[in-house]
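The values are calculated or read from the model by the stated rules, or taken from the named source; none is laboratory data. It should be emphasised that the depicted structure is a prediction, and the values quoted were computed from it without experimental measurement. Counting neighbours? That spans all protein chains shown, and the Cβs are built from the backbone with ideal geometry, glycine included. Note: areas computed on protein heavy atoms with side chains; ligands, DNA, RNA excluded. Shrake-Rupley method; radii C 1.70, N 1.55, O 1.52, S 1.80 Å.
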Amino acid sequence: MRRPRVLVEPDYEALSRRAAALIDQAVREQPALVLALPTGATPVGMYAALVDLHRRTGTDWSQVTTFNLDEYAGVGPDDPESYAAYMRRHLFEHVNLHPARCHLPDGLAADPAAEAARYEAAIDAAGGIDLAVLGIGTNGHLGFNEPGSALTAATHLAELSESTWRRNFPHLAARAAMEPAVRARYRRAYTMGIGTILQARRILLLASGAGKRAILREALHGPITTQNPASLLQLHPDVTLVLDREAGAW
Ligand code: PGA
């Protein structure tokens, strides 16, 4: 069995540059690379470093295809909290990706099952994912595959766990006691399934900060369990983790 490759960098800046360098190299080696891409706080520095590499060295993204891991349901691309808006802000507007090759689930789709199936089929039609870039939740989630007694293999509409929702929307969580209606916002998201992720040919996972240390150690060295979705990465033959010292000190 091949163990994951663990790269520990001194700090967040270095982690971001290292992850970006690995992705940039993959694009240079395989111009028509198919990427799965994450959102959240962790990859912000990585996207900035990728944009910097594109500007300084001219890395050509024109043939690259991207599929985001997830998108909130009931939310359109103009909502600033949407991952479509996040991706425009951090990557799409700054490199020469072709808009027709940048994919996210359609948060406004009328038929969730059909939308999930369409997304999964689009990944297949692109030839599958060459490199999946992932973050990890403090609870071990990958995309919005939250811990539970079962996981779903394919792209699907998922319910965010209470802890994930509170972490992603602290301003809404603070208002929830007074305004129960805000509890319903951003509660569901389309997410690649755990099978979609594990079928990627290569996986690159980024994690920063002491808050990720315990769950990462469990994911790598503990039992494989749906209660820690990231533990399923132990089953994948080509995983690289890029961590900062705080996340990787065990
Ligand atoms: P974060 O999220 O980068 O904002 O910590 C990671 C995740 O939830 O997958």
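Observations, loosely collected:
- Selection of first residues in region 136-165 that are modelled with pLDDT of 95 or more and aliphatic (A, V, I, L, M) and of second residues that are part of a strand (DSSP E or B) and more than 14 Å from the ligand (Cβ to nearest atom), restricted to Cβ pairs under 6 Å at least 6 apart or on distinct chains, gives the following pairs, ordered by first then second residue: LEU157/ARG188; LEU157/TYR190.
- Residue-level analysis places MET46 outside the set of residues that are aliphatic (A, V, I, L, M), open to solvent by less than 10 Å² (accessible area, probe 1.4 Å) and over 14 Å from LEU134 (Cα atoms).
- Scanning region 233-244 for residues that are in contact with a strand residue (DSSP E or B) (Cβ under 8 Å, 6 or more places away or on another chain) and either closer than 22 Å to GLN199 by Cβ or of a type in the set (Phe, Trp, Tyr) (or both) turns up LEU233, HIS236, ASP238, VAL239, THR240, LEU241, VAL242.
One line per residue, one yes/no per condition, for (1) within 16 Å of THR240 (Cβ to Cβ); (2) in contact with a Leu (Cβ under 9 Å, 6 or more places away or on another chain):
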residue: SER16; (1), (2): yes, yes
residue: ALA21; (1), (2): yes, yes
residue: ALA32; (1), (2): no, no
residue: LEU35; (1), (2): yes, yes
residue: PRO43; (1), (2): yes, yes
residue: ARG55; (1), (2): no, no
residue: TRP61; (1), (2): no, yes
residue: THR65; (1), (2): no, yes
residue: ALA73; (1), (2): no, yes
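- Lone unmet requirement of (1) part of a helix (DSSP H, G or I); (2) in contact with a strand residue (DSSP E or B) (Cβ under 7 Å, 6 or more places away or on another chain); (3) more than 13 Å from the ligand (Cβ to nearest atom) for ALA247: (3)
- Filter result for the condition that a residue is farther than 25 Å from VAL239 by Cα and charged (D, E, K, R), over ASP79, ASP70: ASP79
- Restricting the first member to region 58-86 and to residues that are under 13 Å from TYR119 (Cβ atoms), and the second to residues that are of a type in the set (Phe, Trp, Tyr) and in a helix (DSSP H, G or I), the beta-carbon pairs closer than 8 Å and six or more apart or on different chains are PHE67/TYR119; ASN68/TYR83; ASP70/TYR83; GLU71/TYR83.
- The residues of region 1-56 that are in contact with a helix residue (DSSP H, G or I) (Cβ under 8 Å, 6 or more places away or on another chain) and of a type in the set (S, T, N, Q), listed by number, are SER16, THR39.
- Residues of region 209-240 classified as of a type in the set (A, V, I, L, M, F, W, C), in contact (Cβ under 8 Å) with a residue 40 or more places away in the chain and surrounded by fewer than 16 Cβ atoms within 10 Å (Cβ to Cβ), total: 0
- Count of residues meeting criterion [under 20 Å from the mean Cα position of the chain (by Cα), part of a helix (DSSP H, G or I) and surrounded by fewer than 16 Cβ atoms within 10 Å (Cβ to Cβ)] in region 1-38: 3
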